[in-house]
1. Could you go through region 151-156 in sequence order and give the Karplus-derived ³J(HN,Hα) for each residue, using 6.51 cos²θ - 1.76 cosθ + 1.60 with θ = phi - 60°, rounded to whole Hz, and x for Gly and Pro?
2. Computed FRET efficiency, Cβ-Cβ of SER178 and ASN73, R0 22 Å: what is it to the nearest 0.05?
3. If you roll a 1.4 Å probe over the heavy atoms of the protein chains, what accessible area per residue do you get for the chain, in Å²?
4. As a test of the definition: which semi-axes, in Å, follow for the chain when you take the square root of five times each eigenvalue of its alpha carbon gyration tensor? Largest first, please.
5. Just want the answer: with Cβ charges of +1 for Lys and Arg and -1 for Asp and Glu, which residue in THR42, GLN21, ALA31 is farthest toward the dipole's positive end in the chain?
6. Could you look at the chain and say what percent of its accessible area is carbon and sulfur, using a 1.4 Å probe and all protein chains?
7. Relative contact order for region 98-174 using alpha-carbon pairs under 8 Å, separation at least 6, rounded to a whole percent?
8. Stretch ASP115-GLU25 to full length: gain in nm at 0.36 nm per residue minus the Cα-Cα span?
Amino acid sequence: MNSTTNDSVEPLRAFVAQCHQAMAEHADEAAQLAAIKPALKTLLAQPDWLPASHMKPRDDRYAQYPLYVAADNSLSVVSFVWKSGQWTPIHDHTVWGIIGVYKGVERTEVYEERDGAMVCTRTIDGQPGEVGAVSPSIGDVHKVGNVSDDTAISIHVYGGNIGLIERHVFEQDGTPKSFVSGYEPAPVLVPAA
């Protein structure tokens, strides 16, 4: 299927509505994350809702496709697509995020700055259907890569428009450099309400 008909994006549309409801009902970040995580697990379990246009890897680096961006930039849902062996640099987010693996195996290496060096403190291999969270309050400095033999895809939900937010990449010595990620040219699948 993988086309952008109303029926094929309905699971995404329902998920976006659940995210907005969770954000409206809960002012507390932890409560928002707790409400959105199971909704993302449900979305990941649905077949054929992610169109081919948002599953295409790039040769030079991972791809970041917008699925939904709220009109007020308070929420974004993005598909990340990785060829085998592609990695992000060490980076942060500056907002909360929930990440779920749709396809493949994604390795997350969590970092902390210690004595003038970025040190990996934990490694997590995310399998299809698994969901995790990041935020400045619970830790959001990591790097992520595809350790599968094939393409990996993950769905990311952020408490802001991640394509416009100024964030940081980190050198091994902890030196930050600002960046704004932007998005791949692709249609937003669920229009902002």
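The values are calculated or read from the model by the stated rules, or taken from the named source; none is laboratory data. Note that this is a predicted model, so its numbers are computed, not measured. Positions of Cβ are backbone-derived with ideal geometry, glycine not excepted, and every protein chain shown enters the neighbour counts. With ligands, DNA and RNA removed, areas are computed over all heavy atoms of the protein, side chains included. Shrake-Rupley method; radii C 1.70, N 1.55, O 1.52, S 1.80 Å.
1. 4, 10, 9, 10, 10, 10
2. FRET efficiency, SER178 to ASN73: 0.75.
3. For the chain, the solvent-accessible area averages 46 Å² per residue.
4. 25, 20, 15
5. In the chain, that residue is THR42.
6. That share works out to 51 percent.
7. Value for region 98-174: 44 percent.
8. 28.3 nm
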